[in-house]
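A short reminder: the numbers here are calculations on the coordinates, not readings from a lab. Fair warning: this is a prediction, and the values are worked out from it, not measured in the lab. No Cβ is skipped: glycine too gets one built from the backbone with ideal geometry, and neighbour counts run over all protein chains shown.
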Amino acid sequence: MKLQLSLAARYLGRRKLRTTLTTLAIIFGVLLIFGMNTVLPTMIAALQANVQGVEGQIDFSITNISGESFPQEIANRLQNVAGLRAVSASLNRTINLPADYIDRDPARPDTLIAVNLVGVTSEDARSVRAYAIIEGRYLEDSDTASAVISQTLADALSVKVGESFSLPGASGLTELTVVGILPPNIMPITEEILVNLPQAQEMTGETDRVNLIDINIEGFADEARRNEIQQQIETALGKNYQVGTLTAGDEMFAAMELGQIGLSVFGALALFMGGFIIFNTFRTIVTERRRDIGMLRALGATRRTVIGIILAESLLQGLIGSAIGLILGYLMALGIIKIVQGPLSLFINLKLGAPVISPLLVLFSVGLGVGVTVLAGLLPAWNASRITPLEALRPSQAEIDVKRKTGIGFIVGMLILIVTTFVVLSGQSALIIPGGLFFLAGLVLVTPALVNPLANLFGPIISWITVRQGIGGLAKSNLKRQPARVAVTASASMLGLAVIVAAGGLVSSMTGIIDELMLASFGSDYLFVPPSVMLWGSNIGSSPEFAQDLREVEGVEEVSTFRYGATTTNGQAVSLIGIDPEAFPNVSGLHFLKGNQSAYKKLASKRTLVVNGAFLLAIDAKAGDTIELQTTNGTVSYEIVAVGMDLLNAKVTTAYLSQANLETDFGVTEDVFIQLNLAEDASREAVKTEIWSLAANYPQYKLISGTDYYGAMKTQMDAAFSAVYIVFVFLAIPSLIAMMNTLTISVLERTREIGMVRAVGGTRRQVRNMVLAEALLLAAIGTFFGILGGMYLGYVFVTGIKVLFPLGYYFPVSGITTAVIIGLFFGLLAAIIPARQAARLEIVQALRYE
Amino acid sequence: MSIISTENLSKVYGSGATTVTALEKINLKVNSGQFVAVMGPSGCGKSTLLHLIGGLDKPTEGDIKIEGVSITQMPDDQLTELRRRKIGFVFQFFNLIPVMTAVENAALPVTLDGIKPADAYKRATKWLERFELGDRLSSRPDQLSGGQQQRVAIARALVADPTLILADEPTGNVDTRSGDEIAGLLRDVSKQYDRTVIMVTHDPRIAAYADRIVFLKDGKVVDETLLDRKNHGAAAVTRMIKEIGD
């Protein structure tokens, strides 16, 4: 063993550059596993907080059973409850505004009749909810008589940052200065005025009292853990307090859990890539050292000794790489947390502490690092042991072996690809994630056989670019001589890029559908919104005349209304939305999950319903079923003709039907929500004035511009998605290392040839371009497979998430574009060092190189 | 007229205690069309001399002129172009690119010069046919014998029509019969096609094909002789080597 180790150490020392590069692969693998796993729980918690915050989702909210306020010290009782991430106590009071408070015009009733005064401890509040200030700043502890309000309220009150408005309170009028503006409210809710807690207490005369405690708990608590935490909270507070769960939580947590599984899959992929890189290096080491090994065998070394040398080498590298990887991984975790803290703090007040080193994770990472390295060295070591002394003195025979093996691999790979394609088409959700991994494995197997055809495919392009230099063809043949190595590199970069394409697919699918829904729900030019959107029943509607008046306004093209009715089926409450099947699709629209636009026609003709996803979940029914709806005159049968949703009713058990049927069976003729579109050539200002004057007679509605709401909502959504990309970009880096490793090996291996090319008149530029061309080809092949794998993975993700959220698969144009750009860019980046090295070779030394 | 002239050409490797003087004040003139063999024991500086003349390496001191132009201070790109157009190299280990066919290998210098592949292959084919490799044009190096590979390498050296051919132990890696063939071929190159050939060898039998032999020892020219084809066979050259070696 001593011989093996000392030989291994010397070999490693002799080829410093390659040793460094291979070790780099191990370092990166360990770094990724250790660093990511150190930082991810924190990141996920942050992400969760982010999403929860943006959506205003709270895990638990505590109130006094009397409904009254209580001393704010009560919150301190929660200090010893484990598992709480953030606690915010606040005082919430509705302030009714005098009738002519806003416009000082008693003749015209205000649309704003009440506001919520919310007193908070600024930092605490920001840890449970996101306050994305768009202008000015957030509240500070030292602020007095300062308020943060939404753009919508600021517009209603005609105030800007720095200006004041007054509010009636227990001690008379109070002047509040606006210090910050929040985005316009998406849902028409009672506007909030955010002030510091003491300010609210003073204005309401409730010194040192609060009436609500919002709590968010640790990330990924499953249901049992949530119950446990809830119990601890109840015990800590005593029986006078009730703990309410405000979230529609479950879907959210299911989505989060899916996210965590996804990240673990990415971690595994990263490890896989590391393994590829190491495997490539050791295979090259063995090929390169054939003579040495043959000589050792000639001198009497046994096969075991030869295996021992290679494995000792991988063990040494594994240990060194893992050690450095651990250190860098920790630093990376530290760095990421530092970097992320900045942008994150814009959304939410989440203090990320220093990463915690878990001894188990250290062991696991080192075990994986060394394990993968030794494992990757095993096959090359075995191959090395098969080298006969004679064989070592002849030119390499390895190529033929590789070709024979790629034949079998190709067939097996193709079979896997075919089977997995069927799996994903079958829609069996349980098989989908393993199917995705198998698909990638299939691609890895198929790759070697496709390297030559692909090199031939992309080669002419490269040759065309480099036509005057006579090196494109050389680069192509260089790649083709090592199809196995190229395949392994392409596989490694494929995995990285596949993740990008998949992520792109997922994000564009999600943004696609949400965008579609938002456009459908808010896309009309003007909306007449009642005080409560989801609780339609509490709204005072308007008679059909109002809508008719609106239709007659010059310049108004189409008016569509919602009418609301309530019913039950099988004892379940159902909210009925009556639409005009003709006008509705022109102004707004449903997103169909089953069925299509033709459903509107069916709605007009018979007793039919379009139901939403929530309906399907609540009532065990599917499209095509006939259900009984309760009316005042007994039950009537309705057929479900399609499944569709809109954003306004997404969370409520809803069935859409024609207004005619709603009138016949349920006697409803009142409009509760009105959308209208203007004609293309309408004079907007004139129409607006007329609509406004008509609206004055219906103060129950708030008139808003659909475009403004759509814009505000889109901005928020984009912000929420941007965080997802950061994680994915990280996984693309192993592709870079893999390509760099292969190119460097390839340059080292061809040192003498490069010397010859230089000797017979190749310029440094030509040699550099030759390596660059090779890199581009390599990258093109990797990208090709990456896109293929990524499209599949993306489809898998979308299908997986579909269970929870109705996504359509959008072709990942952005993901593919990103992958192509990143792939080729990485190719060039990876080539920089090897190309320089090749160009700078001393000719005489290169010619002597063995 | 001398195509090559060196003036006090020296090459020193390393520094301090480990200094090795590979060449010391070499003054050498080679006339156009001459076939020169450079001989000497291992480590005498034969290959170093060839590398310096070929512009593959820079001298520590002294000057080299090719066709009257000094190449010592030439920038790399200009030197590369000179190598590509004026000089052809033949190496001991052939240094053919294994993934390229015979004709592609032979055409490499002109391909690198930006000549269209079709024209480049035509020129390479012409030389390969002259060297009786017309039927092996699309064979890869591993499908050729050592002698055949070296003939491809010589075709490669000639394809750009250089005036000077530098051959470093061209027969060192082939059997005796092929060695004779190669040496004969290089003599033809010199005589029939009027090129200047400088060949490094340690084999007296091979050196006997040359017009002139330069003997190097410890980095210095210790002797040189013009060969008379009638009186100087391999045996005579071997004798001369013995004398110098003593």
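Would you mind getting me the FRET efficiency between A:LEU425 and A:ILE733? Use the beta-carbon distance for r and R0 = 35 Å, nearest 0.05.
So, using R0 = 35 Å, E works out to roughly 0.60.
Return the distance in nm (one decimal) between the two label points of a simple spin-label model at A:THR207 and A:ASP155, each offset 7 Å from Cα along Cα→Cβ.
4.2
Report the one residue of A:ALA682, A:LEU662, A:HIS591 whose Cα lies farthest in the direction of the positive end of the charge dipole of segment A:531-700 (charges on C-beta: Lys and Arg +1, Asp and Glu -1; origin at the Cα centre).
Result: A:HIS591.
Report the label-to-label distance for B:LYS116 and B:ALA235 in nanometres (one decimal), using points 7 Å from each Cα along the Cα→Cβ vector.
5.7
Just want to confirm a number: the relative contact order over segment A:544-701, from Cα pairs under 8 angstrom separated by 6+ residues, in percent.
Dividing the mean separation by the residue count of segment A:544-701 yields 34 percent.
What FRET efficiency do you get for A:GLU557 and A:ASN227 if R0 is 45 Å and r is their Cβ-Cβ distance, rounded to the nearest 0.05?
The value I calculate is 0.25.
Set the Förster radius R0 to 41 Å, insert the Cβ-Cβ distance between A:ALA236 and A:ALA132 as r into 1/(1 + (r/R0)^6), and round the FRET efficiency to 0.05.
0.80
Can you give the charge dipole size of segment A:531-700 about its Cα centre, rounded to the nearest 20 debye, using +1 on the beta carbon of Lys and Arg and -1 on the beta carbon of Asp and Glu?
720
Using the structure shown, list the pairs from B:LYS25/B:LYS220; B:LYS122/B:LYS191; A:LYS160/A:LYS688 with a Cα-Cα distance above 19 Å, or answer none.
B:LYS122/B:LYS191; A:LYS160/A:LYS688
Collect residues whose amide H, placed 1.01 Å from N in the peptide plane, falls under 5 Å from the amide H of B:GLY55; neighbours closer than 5 in sequence don't count.
Answer set, sorted by chain and number: none.
Can you tell me, using C-alpha contacts under 8 Å and at least 6 residues apart, the relative contact order of segment A:60-246 as a whole percent?
This gives 37 percent for segment A:60-246.
Which of the GluC sites (Glu not before Pro) found in segment A:545-618 are loop residues per DSSP with 12 or fewer other Cβ atoms within 10 Å of their Cβ?
Here the sparse-neighbourhood loop sites are A:GLU554.
Report, in deg cm²/dmol and to the nearest 500, the calculated mean residue ellipticity at 222 nm for chain B, where each DSSP H run with n ≥ 4 adds -39500 (n - 2.57) and the sum is divided by the residue count.
Result for chain B: -11000 deg cm²/dmol, rounded to the nearest 500.
By how many nm would the segment from A:LEU5 to A:LYS338 grow when fully extended, if each residue of separation counts as 0.36 nm and the alpha-carbon distance is taken off?
115.8 nm
Any aspartates and glutamates with Cα under 12 Å of the A:LYS622 Cα? List them, leaving off those in the same chain fewer than 8 positions away.
Within the straight-line limit of under 12 Å, A:LYS622 reaches these aspartates and glutamates: A:GLU639.
Once phi is turned into ³J(HN,Hα) by the Karplus curve 6.51 cos²θ - 1.76 cosθ + 1.60 with θ = phi - 60°, what whole-Hz value does each residue of segment A:818-830 show in order, with x for glycine and proline?
4, 5, 5, 5, 4, x, 5, 4, 4, x, 5, 4, 5
I need the GluC sites (Glu not before Pro) found in segment B:1-77, filtered to DSSP loop residues with at most 16 other beta carbons within 10 Å of theirs.
Counting only loop positions with at most 16 other Cβ atoms within 10 Å, the GluC sites (Glu not before Pro) in segment B:1-77 are B:GLU67.
Quick one: 3J(HN,Hα) in Hz for segment A:569-584, Karplus 6.51/-1.76/1.60 with θ = phi - 60°, rounded, Gly and Pro as x.
9, 6, x, 8, 6, 10, 9, 9, 10, x, 10, 8, x, 8, 6, 3
By what distance, in whole Å, do the Cα atoms of segment B:2-245 stretch along each of the three principal axes, largest value first?
Principal-axis extents of segment B:2-245 (Cα, largest first): 50, 44, 33 Å.
In square nanometres and to one decimal, what's the mean projected area of the convex hull around the Cα atoms of segment A:60-246?
The directionally averaged projection comes out at 11.3 nm².
Between A:THR669 and A:VAL412, what is the spin-label point distance in nm, taking each point 7 Å from the Cα along the Cα→C-beta axis?
Roughly 7.6 nm, to one decimal.
Write down the percent of antiparallel bridges among all DSSP beta bridges whose residues are both part of segment A:531-700, to the nearest 5.
Just about 75 percent of them are antiparallel.
Using amide H atoms built 1.01 Å from N in the peptide plane, name the residues 5+ places from B:GLY88, or on other chains, whose amide H lies under 5 Å from its own.
B:LEU164, B:ILE165, B:LEU166
Given H placed 1.01 Å from N in the peptide plane, which residues other than close sequence neighbours of A:GLU192 have an amide H under 5 Å from its amide H?
Amide H to amide H, under 5 Å and 5 or more residues apart or across chains, A:GLU192 pairs with A:ASN116, A:SER150.
For segment A:531-700, I need the span (max minus min coordinate) of the C-alpha atoms along each principal axis, in Å, sorted largest to smallest.
If we take the Cα atoms of segment A:531-700, the spans are 50, 30, 26 Å.
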